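One structure below.
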Amino acid sequence: MINKIGIVFQGANDRGFLVGLRNRFNCDAQFVDSRTRGRNKLSIWRDISKNWRFFQANGVDLVVRLTDTEGDRWQDVRREEAERFPEEMRSILICGVNHFAVESWLAIDRGFLEDELDIPVSENIAPSDLVGRVKSAIAQHDHSPSSAEVVSHLVEKA
């Protein structure tokens with residue numbers, strides 16, 4: 001049984017995405033946030049050994065790393081991410097790779113975006129601008145105090 005899940009992510013929306021998935025699947029596991037969070041892969045990679053020791057001390061059963069492709073092939077990103085983690089950690093590691101960002105996953109169903117974030121389907125948004133538009137709508141959402149809560153709600157409801 002999985003009781004504690006260590007999570008490694010970059011931003012609040014990523015954490016909200018993971019919380020939304022956990023809640024959507026009716027999982028009772030407690031999240032243990034990594035001790036260090038960076039704004040980019042390099043800062044996260046630099047501290048991964050420190051995070052692994054922290055996760056071990058907190059008795060995590062599983063580690064989830066959520067990252068973005070940043071324009072690279074997702075297969076390459078996943079492989080590179082997994083290789084950065086200590087060997088003994090890899091057997092309990094799940095590495096999720098977003099195409100661009102979690103907001104691009106949320107934007108797959110434009111009708112859902114219209115209903116939940118008031119981004120009209122008729123609004124012609126270039127794919128390169130859609131992530132920014134979704135991030136802006138999440139930040140302006142008036143029913144939740146944080147973007148992580150908005151994203152969590154969207155994932156649970158999707």
In the range 1-108, the GluC sites (Glu not before Pro) that sit in a DSSP loop and have at most 16 other Cβ atoms within 10 Å of their own Cβ are Glu70
Counting only residues 5 or more apart in sequence or on a different chain, those whose built amide H sits under 5 Å from that of Cys95 are Arg65
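Go through the range 80-128 and name the trypsin sites (Lys or Arg not before Pro) that are in a DSSP coil and have 16 or fewer other Cβ atoms within 10 Å of their Cβ. If you can, show how the numbers build up before the last one.
Numbers: sites: Arg84, Arg90, Arg110; in loops: none.
Those that pass, being in a loop and sparsely packed, number zero.
Only Cα pairs under 8 Å and at least 6 apart count here; give the relative contact order of the range 88-148 as a rounded whole percent.
On the way: 35 pairs, mean separation 15.1, N = 61.
Contact order relative to length: 25 percent.
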Residues whose placed amide H lies under 5 Å from that of Leu62, excluding near-sequence neighbours:
Lys4, Gly6
Between Phe31 and residues 5 or more places away or on another chain, which pairs have amide H atoms under 5 Å apart, with H built 1.01 Å from N, and which residues are they?
Ile5
What 222 nm value per residue comes from the helices of the chain, counting each DSSP H run with n ≥ 4 as -39,500 (n - 2.57) and dividing by all residues, nearest 500 deg cm²/dmol?
-14500 deg cm²/dmol
With all protein chains present and a 1.4 Å probe, the order of Asp115, Asp109 from largest accessible area down is Asp115, Asp109
Considering only protein heavy atoms and a probe of 1.4 Å, how much of the accessible area of the chain is carbon and sulfur, as a whole percent?
48
Evaluated at 20 °C with a viscosity of 1.002 mPa s, what Stokes-Einstein diffusion coefficient in µm²/s does the range 92-156 have when Rh comes from the Kirkwood expression over alpha-carbon pairs?
172
Translational D (Stokes-Einstein, µm²/s) of the range 27-158 at 37 °C and 0.692 mPa s when Rh comes from the Kirkwood sum over C-alpha pairs?
198
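The values are calculated or read from the model by the stated rules, or taken from the named source; none is laboratory data. Remember, predicted model here, so these are calculated numbers, not experimental data. Positions of Cβ are generated from backbone atoms using ideal geometry, with glycine treated the same way; all protein chains shown enter the neighbour counts. What goes into the accessible areas is simple: the full protein's heavy atoms, side chains included, and nothing from ligands, DNA or RNA. Shrake-Rupley method; radii C 1.70, N 1.55, O 1.52, S 1.80 Å.
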